[in-house]
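The values are calculated or read from the model by the stated rules, or taken from the named source; none is laboratory data. The structure displayed is predicted, hence computed values, not measured ones. Neighbour counts are summed over all protein chains in view; Cβ atoms, including those assigned to glycine, are modelled from backbone coordinates with ideal geometry.
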Amino acid sequence: MGSSKKHKEKVRIATVLIFIAITSNLTSAACSYLGRIQDAKEELQLLCIDAKGEYLEGANVTIRKRGGALVYSGLTNSTGWISTSVPVGSYIVQVYWMGVVVFSKELFVTGPVTMIAQCDVYHLTVAINLLYLIPVRHANIIIVNTTSQKVVDRYSGEIEIPYRFFSLSAEKTFRLPAGNYTITVKMLNSQSQSLNLNGNKRLTFAYVASLGSIFTLMCILAAVISCIGFLVTGRRKTGKSRNANILAI
Amino acid sequence: MVLIEYEAKDTIIHRLNPVSKIVWLGGLGLLLAMYLEPQPLIIVFAWEVFIGCLAGISWRKLLSRAWWAFVASIFGGIIVMFWVVNPEQFWRVPRDLACKTLIQLTPPGTPILGHTAITYGGLIWFTAGVLRITIAIIAACIFTFSVPLSDLTSLWSMFLPYKLSFILTSGLRFYPVMAEKTQDIITAAKSRGWDITSKNPVKRVKAIYPIIFPIVREAADLANRMALAAEMRAFGVKRPTRMTTLKFTPSDIFFIMFNVFITGTLVYLWWFCGLGKL
């Protein structure tokens, strides 16, 4: 009897030991698995485009954890892409253009993510045509944010005249975040206009002149005056000759 | 020789000095050589129509005489258009747009013909080409319609040596006389049963002999008589006096200014703003 009791006790101890060994192994495996999940990084690709669907090159992209810790910050490449790897989790993706947030979105990363960010960046086309007719090929354009009173963009130099089927217009396009702006164009004189940019817009400056545009305008005026002069003097001559003929007869 | 002959009218253009009209024609020629796009050519065309209306040209007569030239320009333009497929043929028009194929005729690498297609750029090229030829023909017609030959001869006698000027004038004066004489010879030959309708080229060449010889004889005879007449008038002894003197009136000066300013503006816009460039 005594020996069978001892045997049962040994079996119970052995079972307990085996159970402890198995559970401890499982726990450690579970712990390592969870650890691996927390350390796993997933690829995140982001394409930044503006309101017209054109790539935003050099836009600043930041990715933060919900708590606010910065995970990634970088500039988009020439085709508007950024590519990075972030651990699985919840993030806030923000795109900055000229220091202004133009895109913000919360993102939960569980696997590889490819996302297109359509940013609130609009095209502002500045057309400089003297009297809406003669293109001004050189000008100095200054764009000031009316709210912050800061110069956000400026351009000085030759302005392109894009090919159009029925118009001739000197145009420069800027890509700006939504907001209020004052645009000043300077050449021989200057002209300013204010606008609230909330979409793609076109602004025409008709009272800015350059030497070339003034020369063209003067040529057109001179042609018109000489045409009138030609018609008037031609008719006068006829009248005189007819009178002369009548007198001669 | 000309599509429309001179008509002595008393219009504002007819009264102008031929130099003024040459300035207009020169400016127009310069613009036609520069512009490869149809849009600015419309301005040039309007300018030409304005001058034509002032000259009182008969547009119906012009169309009836020059229709074949317009049709030939259209055919020529269509043929050239098929080969306008190369992006290097365009500087200002976006090359993607210009070389957008509407109908492909032969694929790239086709022997002899090469790549041919109808493209947007080809259509622009074709329209501009037809417009340029049309404008040039109408301008030449307005010029010959409003400038008498005597004015032209007195004009070049101002710049050329008088002997050369006499040769040129005689040559021009000879043309209508010889054309009339040739027609008389052909009519006379036809009345004697002369026929040139044979399809055999050798027979056709042989059939021309009875026409050629009398024409050459007539030409030599006419030249001889003219030389004799010139000699009798002591031609060559000293510089002959001019029959007419060309004077500039204020109307001429205004007309020249008008043309110079229009041409100057359009040349400036072409050079600096790319107006009319492909």
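Per-structure values
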| read-out | value |
| --- | --- |
| Test: residue in segment B:102-116 that is at positive phi, away from every other protein chain (no Cβ under 14 Å) and loosely packed, with under 13 Cβ neighbours inside 10 Å | yes |
| Selection from segment A:156-172 of residues that are surrounded by 15 or more Cβ atoms within 10 Å (Cβ to Cβ) and either more than 14 Å from chain B (Cβ to nearest Cβ) or hydrophobic (A, V, I, L, M, F, W, C) (or both) | A:Ile159, A:Ile161, A:Leu168, A:Ala170, A:Lys172 |
| Selection status of B:Thr245, at the interface with chain A (Cβ under 9 Å from one of its Cβ atoms) and hydroxyl-bearing (Ser, Thr, Tyr) | no |
| Residue match in segment A:200-222 (condition: farther than 29 Å from A:Val126 by Cβ, at pLDDT 95 or above and surrounded by fewer than 16 Cβ atoms within 10 Å (Cβ to Cβ)) | no |
| Scope segment A:214-233; condition touching a residue at least 12 places away in the same chain (Cβ under 8 Å) and either on the phi > 0 side of the Ramachandran plot or more than 7 Å from chain B (Cβ to nearest Cβ) (or both); matching residues | A:Ile214, A:Leu217 |
| Hits in segment B:23-46 (condition: without any contact (Cβ under 8 Å) to a residue 60 or more places away in the chain and over 21 Å from A:Ser167 (Cα atoms)) | B:Gly26, B:Ala33 |
| Near pairs, Cβ below 6 angstrom, 6+ apart or cross-chain, from segment B:251-278 (at the interface with another protein chain (Cβ under 7 Å from one of its Cβ atoms)) to any residue that is of a type in the set (S, T, N, Q) | B:Ser251/A:Thr233; B:Phe254/A:Ser226; B:Phe254/A:Thr233; B:Phe255/B:Ser20; B:Met257/A:Ser226; B:Phe258/A:Ser226; B:Thr265/A:Thr216; B:Tyr268/A:Thr216 |
| Test: residue in segment B:219-235 that is surrounded by 11 or more Cβ atoms within 10 Å (Cβ to Cβ), within 14 Å of another protein chain (Cβ to nearest Cβ) and part of a helix (DSSP H, G or I) | no |
| Among residues of segment B:156-197, those that are surrounded by 12 or more Cβ atoms within 10 Å (Cβ to Cβ) and not in a helix (DSSP H, G or I), counted | 3 |
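Conditions tested, residue by residue: (1) closer than 18 Å to A:Asp50 by Cα; (2) more than 14 Å from every other protein chain (Cβ to nearest Cβ); (3) in contact with a Pro (Cβ under 8 Å, 6 or more places away or on another chain).
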{"position": "A:Lys65", "(1), (2), (3)": "no, yes, no"}
{"position": "A:Tyr72", "(1), (2), (3)": "no, yes, no"}
{"position": "A:Ile82", "(1), (2), (3)": "yes, yes, no"}
{"position": "A:Val102", "(1), (2), (3)": "yes, yes, yes"}
{"position": "A:Val113", "(1), (2), (3)": "no, yes, no"}
{"position": "A:Asn129", "(1), (2), (3)": "no, no, yes"}
{"position": "A:Leu133", "(1), (2), (3)": "no, no, no"}
{"position": "A:Val144", "(1), (2), (3)": "no, yes, no"}
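Residue by residue, here is whether (1) aromatic (Phe, Trp, Tyr); (2) at pLDDT below 90; (3) under 21 Å from B:Glu5 (Cβ atoms) holds:
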residue: B:Phe90; (1), (2), (3): yes, yes, no
residue: B:Pro108; (1), (2), (3): no, yes, no
residue: B:Leu113; (1), (2), (3): no, yes, no
residue: B:Thr127; (1), (2), (3): no, no, no
residue: B:Ile142; (1), (2), (3): no, no, yes
residue: B:Phe166; (1), (2), (3): yes, yes, no
residue: B:Ser170; (1), (2), (3): no, yes, yes
residue: B:Pro176; (1), (2), (3): no, yes, yes
